[in-house]
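Asks: Sharing a structure, written as structure tokens. Questions coming.
The values are calculated or read from the model by the stated rules, or taken from the named source; none is laboratory data. Everything numeric in this text was worked out from a predicted model, so none of it was measured. So basically every Cβ, Gly included, is an ideal-geometry build from the backbone, and we count neighbours across all protein chains shown.
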Amino acid sequence: MKRIVSIVLALVMVMVFATVSMAGWDKCKGCHVDTGKPFEMGGKPVLTKAALLKKFKTAADFKKAAKNAQNPIMNAFKGDADLDASAKDLGLK
Ligand code: HEC
């Protein structure tokens, strides 16, 4: 049991550090995957890159939707710097 907890903690640490050192879309694609099957959270699929691009045509729409996301997990990704950089990486204007 103790071992499992420390393995999980180690994984969380790695993920946190990896997130801090990334910028733009790289920060988002842990959940909003680039390709393949959408990542599921709480039984709901998290929109993939393609799905996001299909749904949002402009950087303004994209940013607004990100800021309006209901799931608190998105709270860490609502800063203008992150959203501007990721919209740019996705090619949105
Ligand atoms: C830890 C996982 C995670 C990360 C990392 C993440 N998101 Fe999300 N995002 C979610 C979840 C879960 C939702 C769905 C929220 C909801 O249902 O309200 C979401 C919703 C969104 C939406 C709204 C989609 C819609 O249909 O309205 C946008 C836009 C979005 N994210 C953009 C981003 C951007 C840009 C980044 C990176 C800067 C990012 N996300 C990083 C989990 C994540």
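Asks: Exactly one condition in (1) near the ligand (Cβ under 10 Å from one of its atoms); (2) not in a helix (DSSP H, G or I) is false for residue 86; which is it?
Replies: Result: residue 86 passes all but (2).
Asks: Out of all the residues in segment 64-87, which are within 14 Å of residue 22 (Cβ to Cβ), touching a helix residue (DSSP H, G or I) at 6+ places or on another chain (Cβ under 9 Å) and not hydrophobic (A, V, I, L, M, F, W, C)?
Replies: Scanning segment 64-87 gives 82, 86.
Asks: Let me ask another. Take segment 66-93 and flag every residue that is exposed (fewer than 12 other Cβ atoms within 10 Å of the Cβ) and among the charged types (D, E, K, R).
Replies: Once the filter is applied, which keeps residues that are exposed (fewer than 12 other Cβ atoms within 10 Å of the Cβ) and among the charged types (D, E, K, R), segment 66-93 yields 80, 93.
Let's see how each residue does on (1) under 13 Å from residue 80 (Cα atoms); (2) near the ligand (Cβ under 6 Å from one of its atoms); (3) surrounded by fewer than 17 Cβ atoms within 10 Å (Cβ to Cβ):
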position: 27; (1), (2), (3): no, yes, no
position: 32; (1), (2), (3): no, yes, no
position: 38; (1), (2), (3): no, no, yes
position: 42; (1), (2), (3): no, no, yes
position: 45; (1), (2), (3): no, no, yes
position: 51; (1), (2), (3): no, no, yes
position: 54; (1), (2), (3): no, no, yes
position: 64; (1), (2), (3): yes, no, yes
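Asks: While we're looking at this one, here's another question. Do we find that residue 10 is modelled with pLDDT of 95 or more and either assigned to a helix (DSSP H, G or I) or more than 7 Å from the ligand (Cβ to nearest atom) (or both) in this structure?
Replies: no
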